[in-house]
Structure formats: structure tokens, C-alpha cells
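Below is one structure; the comments refer to it alone.
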Amino acid sequence: MIKYERPRGTEDVLPGPPDPSQPPEERIFRTDRWQALENTFRDVCERFGYEEIRTPLFEATELFVRSVGEGTDIVAKEMYTFEDRGGRSMTLRPEGTAPVVRAFLQHKLYGRARVHRFYYLGPIFRYEAKQKGRYRQHHQAGVEILGAMNPAVDVEVIHLGLCYLTELGLTGLELHLNSIGCPVCRPRHRTDLVAFLGGKLDSLCADCQRRYRENPLRVLDCKEAGCQRTTADAPVLLDYLCDDCREHFAEVRAQLAGMDIDFGLNPRLVRGLDYYTKTAFEILHGSLGAQNVLLGGGRYDGLVELCGGDPTPGIGFGAGIERALLALETEGQELRVPRRPRVYLTAVSQAERRRAQLLARDLRSQGQCVDVDCEGRSLKAQMREANRLGAAWVVFLREDELAQGRAALRWMNTGTQEEVALDDLLPILRKEEEKQRK
Ligand SMILES: [Zn+2]
Ligand SMILES: [Zn+2]
């Protein structure tokens, strides 16, 4: 017999309540939590005027190599790259922004309006080392704005991210902010940083020795204690910003303060991707240890041009869904979609079963949630099933009552039972549902 298991670093999201004895990192893989999170994210995005975009799960490898950058960890060691049967190199998307930009250019969306607001939800693939809170297929909620340079847009995106996490029910969020400059001001910093690191290569980790050659800015972002000690006094970009970047950053900070949004400056926040410019930000949550970044984003004013379009500013964020759900679990927050009340139709004889089938058809087409036994089980077994499903009502279809167009309706929460005309059933259920909603 062959036994199949899901691939390492992936998870199944299952219906039904979680087992309370499970650790929080396993309790998050329940459909109700995912649906509730997705609904909240969609709702917030709609209120901010963002429209959903869906791109393929794989793209030409070149798109990510060019945009994300050859020296990044993602391209160097985390991509799922394969040759398709036509000999083309393809990659499962390791991040969400480049595909949006690719679609934006391919469909010439820039011709339709000046500013474009997109949001997306979906899986992201990275070959991560196996460790707690790391997935090889993880899921992201993200937004991108293309075509807007104004600092007010940076503030809007940050505010949207905070609204989303706050409305999920999270507390204790921290906003960290930095500016990582632009192609005008970065080279001078890079020169000084390389000079600073050059004498200290022996005390950097193996990854940072590679970063030193390919993308020295990323050394500042290393989580290894040794590297953090070594780079404690390294030159930071904030001290090198050109006038344009400095003014932009000052305006972002002033507007955040004006909106009563607290933030902390973090000069070591550099983000993992090459295409970021100016504002970079992260929203952190205290309870998650090393994996505490719930949302990260920033400006990428050079990306559209890098992908072959006219210069077009952009800014966005990606927020891991698993991490947000885990933060909620560790905070003890319930997150679920309210389930609609269900009605269970019991029927035993052949005639009763036929009637139940028709009644289920009619009620479902009128918007009711209906369960009916399809396996010829006993009345007792059907009642057990109604209880297991959490039915709000049970309708007992019995031949003698059916002959008079009537049936018994039971309210499961109180046990009250009443004989009703079948013609009245739908209006009664609707009225009850209305009452529950209030
Ligand atoms: Zn600059
Ligand atoms: Zn390091």
C-alpha cells in the first residue's frame, strides 16, 4: 500500500474546530480562521479603494531574477525553479510584487488611470530551512499602489496594514520605519559600508560573507548575534539620504504623527529585495519570537522601469497569513466566520425520503442551509448527525402529517417543538434567522 503525505513545509487547512490540545501553530490551520482573515482583509482593502488582482502561481524565472535581484537570499537559494516541457525556466512565485508589476505592464493598465491600487491573497513559495513558523508554501495578503509618488500614499499603505491587523483583533503591534534611499544616495553609503565591513569579514556568518560581495546592505539585516555585534556601528542609510529622500521621509513621518500613528525608527530595517527605495516599514508583534514580522513593505520606485516599463513609482506590503493567525492564537483571540444556522430534515420511509429531497431542493434554492440524510439511517442516527452538525432546527417529516401538508419543527437550542404547515416553513425559518442576526 502506498502512503502519501503532504510535502515538507506545507500544511492542509481543514474544516471543523481545532483540537484545543494542539499547540497554537497547528490550531491555525482551520478553514474558519482562514476565511475570517480573508474576509477582513478584503473588507479593509475595499474600504480603502483597492481592487483584487490575481496572477499565476508561476512566472518566467527571469522576472524574479531581474526584479528581486541576483544577490538576494530568495534568488540565491529559495526559489522553486523548474524547466517546463518546452524547455523554459519557470519559477513558483517567491514574492507577490513582481507578478503584479508584470501584469500591470503586459495589460497596459497604466493607460487607464494615473494611480492603481491592487490587493491580492495567495500562496508564495520559498525553499525555507525547516523551522518553526517557516513554510515552503506560505500565504500572503498584500497590496500594491502603482503610479503615486506622494508621501501621503506611503502613509495610506501603512495605515491600511495597521487597520487590517487591528481589525483581525491583534494588539501590541509595533510599526518600524526606515528610509533606504534611492540610486542617487545609496552608492555613497555602499562604499562606506563595504569599507567598514571589509576589515571585519572573519566575524561575519557565511551568508553575510556572500551578502558582502553581492548585496552588502543585507548584512545589516542579519539575525545572527555575531553579525549584529559586528555591524552595531556600521554606517546606516539614514545618514546618507539625498535631499529628495530626506524630504520624502520627513513628510511621511510628519503625516504619520498627524494621523496619531506611532512608529519607531529602525535604521537596520533594509528589506530583502533589491528593488526597494525610500520608505521601508515593518509591523511587528511581540509574541512570535524571531518570526515576529507580521507585515513588511516599502517603496519600489525603480521596479516598473526595471521590468521594462516607463518610470512609475510604486509602494506596497506583503503580510504572512500564517503568522497573523499564529499571533492571534497566541493572544487567545477567537477568529471565525459566523456560520449560518442550518435546518436538518429527518425522514425514514421511502415516501418521507422523497419528500425530504424535494423540500431540501426548495429550501436550498430559497437560500436556506439544509442537511438531509442520504444513507437510509435510523431516526436516532439522523438526530445524532443533526446534533453533530450543530443544526439550529430539525424538521420531522412523517407520512401521516405530510398527508395534511404539515410537519413538526423543533428548535434545537430550547427543545421546543411545534407542528407547522410546510408552506409556512420557509417564512418561519427566515424570521428565525433574522432574529438570530440581531
Ligand atoms: Zn535618495
Ligand atoms: Zn550574518
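Just so you know, all these numbers are worked out from the coordinates, no wet-lab data involved. Given the structure is predicted, the values throughout are model-derived calculations rather than measurements. Positions of Cβ are backbone-derived with ideal geometry, glycine not excepted, and every protein chain shown enters the neighbour counts.
Just a few scattered comments:
- Ellipsoid semi-axes in whole angstrom, largest first, where each is sqrt(5λ) of the Cα gyration tensor of the range 94-137: 31, 10, 6
- Value of [θ]222 nm, deg cm²/dmol, for the chain, DSSP H segments ≥ 4, -39500 (n - 2.57) each, nearest 500: -11000 deg cm²/dmol
- Gyration tensor analysis over the Cα atoms of the range 267-362 returns equivalent ellipsoid semi-axes of 52, 23, 9 Å (largest first, whole Å).
- Springs join every pair of Cα atoms under 10 Å in this Gaussian network model of the chain, and among PRO427, PRO338, PRO235 the largest mean-square fluctuation is at PRO427.
- Choice from LEU402, LEU294, LEU160 showing the highest fluctuation, given a GNM over the chain with Cα pairs closer than 10 Å: LEU402
- Cβ-defined net charge surrounding GLU385, 15 Å radius [Lys, Arg +1; Asp, Glu -1]: +4
- Cα-based helix-to-principal-axis angle, 350-365 vs the chain, degrees rounded to 10: 40
- A Gaussian network model of the chain, with springs between Cα atoms under 10 Å, assigns the largest mean-square fluctuation among MET149, MET79, MET383 to MET383.
- Percentage of interatomic Cα-Cα distances in the range 7-130 larger than 16 Å: 72
- Taking the C-alpha atoms of the chain, convex hull volume expressed per residue in Å³: 212
- Cβ-Cβ FRET estimate between ARG340 and GLN131, R0 fixed at 41 Å, reported to 0.05: 0.55
- Trypsin sites (Lys or Arg not before Pro) within the range 147-250: DSSP coil, no more than 16 neighbouring Cβ in 10 Å: LYS200, LYS223
- Net charge contributed by nearby residues that have their C-beta within less than 9 Å of THR231 (K/R +1, D/E -1): +2
- Binned Cα-Cα distance frequencies in the range 143-197 - 10 Å width, integer %: 17, 34, 26, 20, 3
- Here each label is just a point 7 Å from Cα along the line to Cβ, and for LYS3 and PHE58 those points are 3.0 nm apart.
- Nearest 10 degrees, 0 to 90: helix 97-106 Cα axis against the chain principal axis: 90
- Surrounding net charge for LEU402, when Lys and Arg each add one and Asp and Glu each subtract one, Cβ distance under 12 Å: 0
- Flagged links, alpha-carbon separation over 32 Å, of LYS200/LYS278; LYS108/LYS130; LYS380/LYS435; LYS77/LYS200: LYS108/LYS130
- With Cα atoms, 0 to 90° folded angle of helix 243-258 axis to the chain main axis: 40
- Extension gain for the segment MET149 to ARG85, taken as residue separation times 0.36 nm less the Cα-Cα distance, is 18.9 nm to one decimal.
- As a length-normalised measure over Cα pairs under 8 Å and 6 or more apart, the relative contact order of the chain settles at 16 percent.
- Of all aspartates and glutamates in the structure, the ones whose alpha carbon falls short of 20 Å from that of LYS223, not counting any fewer than 8 places away in one chain, are ASP73, GLU78, GLU128, GLU174, ASP202, ASP207, GLU214, ASP233, ASP274, GLU282.
- Debye equation applied to the C-alpha atoms of the range 240-283, log10 I(q)/I(0) at 0.14, 0.20, 0.23, 0.33 Å⁻¹: -0.36, -0.74, -0.94, -1.27
- Overall Cα dimensions of the range 389-429 - principal axes, largest extent first, Å: 29, 20, 18
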